[in-house]
1. Report the label-to-label distance for Leu54 and Lys176 in nanometres (one decimal), using points 7 Å from each Cα along the Cα→Cβ vector.
2. Taking θ = phi - 60°, what integer Hz values does the Karplus form 6.51 cos²θ - 1.76 cosθ + 1.60 yield along the stretch 125-136, in sequence order, with x for Gly and Pro?
3. Build a GNM of the chain with springs between Cα atoms under 10 Å: which of Ala153, Ala128, Ala46 gets the top mean-square fluctuation?
4. GNM, the chain, Cα, under 10 Å: largest mean-square fluctuation among Gly91, Gly41, Gly115?
5. Any idea what the dipole of the chain comes to, in debye rounded to 20, about its Cα centre with Lys/Arg Cβ at +1 and Asp/Glu Cβ at -1?
6. Quick one: compute the contact order of the stretch 81-155, relative version, from alpha carbon pairs under 8 angstrom and 6+ residues apart, as a percent.
7. Using a 10 angstrom Cβ neighbour count of at most 16 plus a DSSP loop assignment to flag exposed GluC sites (Glu not before Pro), which longest range of the chain is free of such sites?
8. Any idea what the relative contact order of the stretch 1-111 is, in percent, if you count C-alpha pairs under 8 Å spaced at least 6 apart?
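A short reminder: the numbers here are calculations on the coordinates, not readings from a lab. Note that the structure is predicted; figures quoted are calculated from it, not measured. FYI the Cβ positions are ideal-geometry reconstructions off the backbone, even for glycines, and counts take in every protein chain you see.
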Amino acid sequence: MKSLAILASGSGSNAENIIRYFSHSEFIKVAVVLSNNAGAGVHNRAKVLGIPSLTFSREEFAAGDVILETLKAYQVDFVVLAGFLSKVADGLIEAFPRKIVNIHPALLPRYGGKGMYGMHVHRAVLAAGDRESGITIHYIDEHYDEGPVIYQATCPVLPDDSPESLCERVHELEHKWYPKVIEDLLTD
Ligand code: GRF
């Protein structure tokens with residue numbers, strides 16, 4: 001059995017979707033959710049699904065040692081970022097080589113980097129007049145949004161899209177693909 005940790009800062013719809021997807025798996029389970037935000041929606045979603053969720057400060061995530069100890073305590077094999085807005089410590093990246101993945105709500109390398117998160121991304125895609133957006137699932141390295149791409153899927157940008165309607169379409173793609181891609185990576 002492989003154990004996942006999910007790191008999330010916000011609403012946690014991807015976290016919930018991944019927990020549900022693997023809840024009957026014989027091979028993969030979500031062991032714990034870690035957050036840098038005690039008020040994040042992800043805690044309630046995890047609670048309802050019976051998964052422990054813990055909060056650590058930004059500083060603890062940046063330093064990494066307490067996080068590493070926690071991941072060891074839960075015997076975590078693989079780390080999934082799902083709307084996680086804090087930096088991942090270099091020590092964590094070294095301890096989990098090619099075992100930390102992130103999802104970005106656009107087609108990297110466009111619309112990545114500092115400040116490009118949440119609605120900022122969808123607003124930028126609309127402002128550029130792009131006809132297509134999508135998702136990028138990638139490994140984490142020490143640079144924001146620059147780790148090797150694992151998988152991309154696209155969706156159209158419609159003429160009357162608002163950032164919210166585009167966000168919703170992108171979220172559907174995230175929910176469809178993120179668990180499957182994680183499963184593939186862990187069962188290869
Ligand atoms: C997603 O759009 C993801 O791509 C980005 O943060 C958002 C998290 O959404 N990294 P949710 O909290 O899972 O609903």
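1. For Leu54 paired with Lys176, the spin-label model returns 3.6 nm.
2. For the stretch 125-136, the Karplus-derived couplings read 5, 5, 5, 7, x, 4, 8, 9, 9, x, 10, 10 Hz, x marking Gly and Pro.
3. Comparing Ala153, Ala128, Ala46 in a Gaussian network model of the chain, the most mobile one is Ala128.
4. Gly115
5. Result for the chain is approximately 320 debye, rounded to the nearest 20.
6. Working: 106 pairs, mean separation 24.4, N = 75.
Once divided by the residue count of the stretch 81-155, the mean separation gives 33 percent.
7. Details: sites that count: Glu26, Glu142, Glu146.
Free of exposed loop sites, the longest segment is 27-141.
8. On the way: 193 pairs, mean separation 34.8, N = 111.
With pairs under 8 Å counted, the relative contact order is 31 percent.
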